[in-house]
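Peer 1: Got a structure for you, written out below as structure tokens; questions coming shortly.
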Amino acid sequence: MPGEGAEDLLRTLAPQVLGVVARRFRDFDAAEDAVQEALLAAARSWPSDGVPGNPHGWLIQAAVHRLTDRLRSEQARRRREDAVAQEPPPADVADTDDTLVLLFLCCHPALTPASAIALTLRAVGGLTTAEIAGAFLVPEATMAQRISRAKARIKASDVPFRLPDDSERETRLRSVLHVLYLVFNEGYTSSAGGRLHRTELSGEAIRLARLLHGMLPSDGEVTGLLALMLLTDARRPARTGPSGELVPLAEQDRAKWDRAQIREGVALVTEALARGDAGEYRLQAAIAAAHDIAPRVEDTDWHQILRTYRLLERMTDNPVVSLNRAIATAMVHGPTAGLALLAALDDRLAGHYRLDAARAHLLELAGDVTAAVRHYDAAAARTANTPEQRYLMTRAARLRKSFSSTGPAAVQVPGGDLRGSRS
Amino acid sequence: MPKYMLLQSYSTGAGCDVPIGEWPLEDIRAHIAFQQALDDELRDKGELVDSQGLAGPDVAKTVVSDGKGSPVVTDGPYPEGKELLAGYRLVDVESEDRALEIAAQVSAAPGPAGVPIQHPVEVRQVMSAPA
């Protein structure tokens, strides 16, 4: 289909074109709108008329045209337009620099994560507002508003259109990585809703992380994040069962994993770790790699995973990391040791379904079926993720069945049935 | 075309009074497959607007505010509330008859041993506003 090739090309060109236009007009907000319109025009005409000989130039011209029209129609801006017209054309700056500037700008810490995500996907990812709205299951008008508020925020905070200074570069890069990680996760396990995989979003996050890695190839955390995404996404084909339920790692059909993606991820994480200094994304990628390279679940190197979780726990106070360390501990030293560690998380993860789910899992390993069922039920009643709920529910049902000959007491989920019907 | 909200509560139907979490595994699977097939069918016919289940009452909160002081946030509602909303389908259909027909399909979703649950489904028209 000619349309698909054109679409990929448009998405690649989007940040480069925006960089040039924003630089020339010194108005990120207006430039971003104009480029979005130019992209929409191209998406309409290219598939039928054919891609122009110089698509990059075509888009710049189209965007500049729109922007000039708008400026001309705004009396108040007349003077500024004249000033721009008299300026020499901007020096040819490498496109990659512009893309990097844009990423830093769109992921600015002054923005809320939700608006940074939306803006990044549009300005750097070249997605349309409608596509972004669709991916996040909100009305297009809502998403459009989120994006324009984000741009207003950037304008108000007067962030210059250039790379951040060395002094703030590290913090700013962290927020870029965080935003890309959130996009990936939103695609991988959507925080609410019925479909476990919104592939488009994880694919887009990988594309952007790859782009960033191309620009900053020697940054260990950038490399680590790309590796983590690839190693996690490689399992996607095996991660959902026939009823749309989540299939946990231990039960996945490993033949369905994407080997090429695993090879690439392992190579990247090896390279990142070889840099010596540690970082959260690198360590998480190392754990993902340890799972991915085990031919069978019983071949998993849990000692290695436990060691890595210990390192990770020292770098972050995220209780979910501690929860995962408890599970790894159980795999190495037995479920009782893991359950003891979970007990220490009761305060920090109170009421969180993951604590119930982990406890259920370890209780099941310890052979305490009644308690395991109770915690699976509690976790199912608390999760907001449908595939996860289906998994927890079926897990409980399976255990209950295996136990029913000895007649377990009826287990009542507080709060009644898990939505009696559709789940 | 009018839109209708088909609302489902936690109340049990004549065909089944056991919470789904306690059903046999195969029956849970069959039920989920039915719901997915129904959504697919409605989507194919161009009638499905939205279909969502709500996270359980365990994680629900109730908020009351006078607009001035800090709002009062309480856990729950905890049921007793069989009438508590569990999920909904929003459909865009030709007629009320069609909405009722879909509601009947929803109500007859299979429960344990494939017996239709006969779950009550509330059908509410969404009010239209001038364009």
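The values are calculated or read from the model by the stated rules, or taken from the named source; none is laboratory data. Remember, it's a predicted structure, so these values are computed and weren't measured experimentally. Reconstructed Cβ throughout: ideal geometry from the backbone, glycine too, with neighbour counts over all protein chains shown.
Peer 1: Can you give me the ranges of the helices (runs of 4 or more DSSP H) entirely in the stretch A:318-398 with at least 2 residues that are without any contact (Cβ under 8 Å) to a residue 24 or more places away in the chain?
Peer 2: Numbers: elements: A:319-333, A:335-343, A:353-366, A:369-382.
Those helices (runs of 4 or more DSSP H) span A:319-333, A:335-343, A:369-382.
Peer 1: Is it the case that B:V126 is among the β-branched types (V, I, T) and either surrounded by 13 or more Cβ atoms within 10 Å (Cβ to Cβ) or within 22 Å of A:T386 (Cβ to Cβ) (or both)? Reasoning before the result, please.
Peer 2: Details: among the β-branched types (V, I, T): yes; either surrounded by 13 or more Cβ atoms within 10 Å (Cβ to Cβ) or within 22 Å of A:T386 (Cβ to Cβ) (or both): yes.
Yes.
Yes/no per residue for (1) surrounded by 14 or more Cβ atoms within 10 Å (Cβ to Cβ); (2) at pLDDT 90 or above:
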site: A:D347; (1), (2): no, yes
site: A:D356; (1), (2): yes, yes
site: A:E364; (1), (2): yes, yes
site: A:R374; (1), (2): yes, yes
site: A:N385; (1), (2): yes, no
site: A:A396; (1), (2): yes, yes
site: A:T406; (1), (2): no, no
site: A:S421; (1), (2): yes, no
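Peer 1: Can you name the residue in the stretch A:232-276 that is touching a strand residue (DSSP E or B) at 6+ places or on another chain (Cβ under 9 Å) and within 14 Å of chain B (Cβ to nearest Cβ) and is also nearest to A:Q389 (Cα to Cα) among such residues?
Peer 2: At the first step, the residues of the stretch A:232-276 found to be touching a strand residue (DSSP E or B) at 6+ places or on another chain (Cβ under 9 Å) are A:239-240, A:246-247.
Pick out the ones that are also within 14 Å of chain B (Cβ to nearest Cβ) and you get A:240, A:246-247.
Numbers: A:T240: 12, A:L246: 8, A:V247: 11 Å.
Filtering first and then ranking leaves A:L246.
Peer 1: Go through A:L40, A:L18 for me and flag whichever is assigned by TED's automatic domain parsing to the domain that holds A:A150, among the aliphatic types (A, V, I, L, M) and out of contact with any helix residue (DSSP H, G or I) (no Cβ under 6 Å at 6 or more places or on another chain). Please lay out each step first, then the result.
Peer 2: Values: A:L18 fails: out of contact with any helix residue (DSSP H, G or I) (no Cβ under 6 Å at 6 or more places or on another chain).
Just one listed residue meets the conditions, A:L40.
Peer 1: May I ask you to say which residue of B:P77, B:P19 is within 30 Å of A:D356 (Cα to Cα), more than 9 Å from chain A (Cβ to nearest Cβ), touching a Leu at 6+ places or on another chain (Cβ under 8 Å) and not aromatic (F, W, Y)? Break it down into steps so the answer makes sense when it comes.
Peer 2: Details: B:P19 fails: more than 9 Å from chain A (Cβ to nearest Cβ).
Answer to the selection: B:P77.
Peer 1: What is the number of the single condition among (1) within 9 Å of another protein chain (Cβ to nearest Cβ); (2) outside any helix (DSSP H, G or I); (3) touching a strand residue (DSSP E or B) at 6+ places or on another chain (Cβ under 9 Å) that B:L38 does not meet?
Peer 2: Tallying (1) within 9 Å of another protein chain (Cβ to nearest Cβ); (2) outside any helix (DSSP H, G or I); (3) touching a strand residue (DSSP E or B) at 6+ places or on another chain (Cβ under 9 Å), B:L38 fails exactly one: (2).
Peer 1: Check whether at least one residue in the stretch B:98-116 is more than 30 Å from B:G21 (Cβ to Cβ), at pLDDT 95 or above and either surrounded by 12 or more Cβ atoms within 10 Å (Cβ to Cβ) or away from every other protein chain (no Cβ under 14 Å) (or both), and report yes or no.
Peer 2: Kept after step one, since they are more than 30 Å from B:G21 (Cβ to Cβ), are these residues of the stretch B:98-116: B:98.
Remaining after also requiring at pLDDT 95 or above: B:98.
Applying the additional criterion that residues be either surrounded by 12 or more Cβ atoms within 10 Å (Cβ to Cβ) or away from every other protein chain (no Cβ under 14 Å) (or both) yields B:98.
The answer is yes; a qualifying residue exists.
Peer 1: Among (1) of a type in the set (A, V, I, L, M, F, W, C); (2) assigned to a strand (DSSP E or B); (3) more than 7 Å from every other protein chain (Cβ to nearest Cβ), which single condition is B:A86 missing?
Peer 2: All conditions pass for B:A86, except number (3).
Peer 1: Give all pairs with beta carbons closer than 9 Å in which a residue from the stretch A:295-307 that is free of Cβ contacts under 8 Å to residues at least 24 places away in the same chain meets a residue that is surrounded by 10 or more Cβ atoms within 10 Å (Cβ to Cβ) and in a loop (DSSP other than H, G, I, E, B); count only pairs at least 6 apart in sequence or on separate chains.
Peer 2: Going by the 9 Å Cβ cut-off, the qualifying pairs are A:D299/A:I293; A:D301/A:I293; A:D301/A:A294.
Peer 1: Output the residues belonging to the stretch B:41-74 that are under 15 Å from the mean Cα position of the chain (by Cα) and at the interface with chain A (Cβ under 9 Å from one of its Cβ atoms).
Peer 2: B:D50, B:S51, B:Q52, B:G53, B:L54, B:A55, B:G56, B:P57
Peer 1: Taking only the stretch A:149-163 into account, find how many residues are out of contact with any Asp or Glu (no Cβ under 8 Å at 6 or more places or on another chain) and either modelled with pLDDT of 90 or more or exposed (fewer than 15 other Cβ atoms within 10 Å of the Cβ) (or both). First the steps, then the outcome.
Peer 2: Residues of the stretch A:149-163 out of contact with any Asp or Glu (no Cβ under 8 Å at 6 or more places or on another chain): A:149-150, A:153, A:156-162.
This time we only want the ones that are either modelled with pLDDT of 90 or more or exposed (fewer than 15 other Cβ atoms within 10 Å of the Cβ) (or both), so: A:149-150, A:153, A:156-158, A:160, A:162.
Total satisfying the criteria: 8.
Peer 1: Hey, another quick one. Of the conditions (1) over 20 Å from B:K45 (Cα atoms); (2) within 11 Å of chain A (Cβ to nearest Cβ); (3) at pLDDT 90 or above; (4) under 13 Å from the mean Cα position of the chain (by Cα), B:R124 satisfies every one except a single condition; which number is it?
Peer 2: (2)
Peer 1: Is one or more of the residues making up the stretch A:87-97 touching a Ser or Thr at 6+ places or on another chain (Cβ under 9 Å) and modelled with pLDDT under 90?
Peer 2: Restricting attention to the stretch A:87-97, the residues satisfying the condition of being touching a Ser or Thr at 6+ places or on another chain (Cβ under 9 Å) are none.
No, because not a single residue in the stretch A:87-97 is touching a Ser or Thr at 6+ places or on another chain (Cβ under 9 Å) and modelled with pLDDT under 90.
Peer 1: Let me ask something additional. Output the residues belonging to the stretch A:264-282 that are charged (D, E, K, R) and part of a loop (DSSP other than H, G, I, E, B). I'd like the intermediate steps shown before the answer.
Peer 2: Filtering the stretch A:264-282 for residues charged (D, E, K, R) gives A:264, A:271, A:275, A:277, A:280, A:282.
Across the stretch A:264-282, the qualifying residues are A:R275, A:D277.
Peer 1: Still on this model: Here's a check for you: in the stretch A:291-317, which residue that is in a helix (DSSP H, G or I) and of a type in the set (D, E, K, R) is surrounded by the most Cβ atoms within 10 Å (Cβ to Cβ)? Spell out how you get there, then give the answer.
Peer 2: The initial filter retains those residues of the stretch A:291-317 that are in a helix (DSSP H, G or I), namely A:291-292, A:297-299, A:302-315.
Applying the additional criterion that residues be of a type in the set (D, E, K, R) yields A:292, A:298-299, A:307, A:310, A:313-314.
Details: A:D292: 25, A:E298: 7, A:D299: 9, A:R307: 17, A:R310: 14, A:E313: 16, A:R314: 11.
Of everything passing the filter in the stretch A:291-317, A:D292 is surrounded by the most Cβ atoms within 10 Å (Cβ to Cβ).
Peer 1: Right, here's the next one. Quick one: is B:E101 touching a strand residue (DSSP E or B) at 6+ places or on another chain (Cβ under 9 Å) and part of a helix (DSSP H, G or I)? Show your work before the answer.
Peer 2: Working: touching a strand residue (DSSP E or B) at 6+ places or on another chain (Cβ under 9 Å): no; part of a helix (DSSP H, G or I): yes.
No.
Peer 1: Here is a follow-up. Would you be able to say whether some residue in the stretch B:58-75 is in contact with a helix residue (DSSP H, G or I) (Cβ under 9 Å, 6 or more places away or on another chain) and farther than 22 Å from B:L7 by Cβ? Spell out the reasoning first.
Peer 2: Applying the first criterion (in contact with a helix residue (DSSP H, G or I) (Cβ under 9 Å, 6 or more places away or on another chain)) to the stretch B:58-75 yields B:58-59, B:75.
Narrowing further to those that are farther than 22 Å from B:L7 by Cβ: B:75.
The answer is yes, given that some residue of the stretch B:58-75 is in contact with a helix residue (DSSP H, G or I) (Cβ under 9 Å, 6 or more places away or on another chain) and farther than 22 Å from B:L7 by Cβ.
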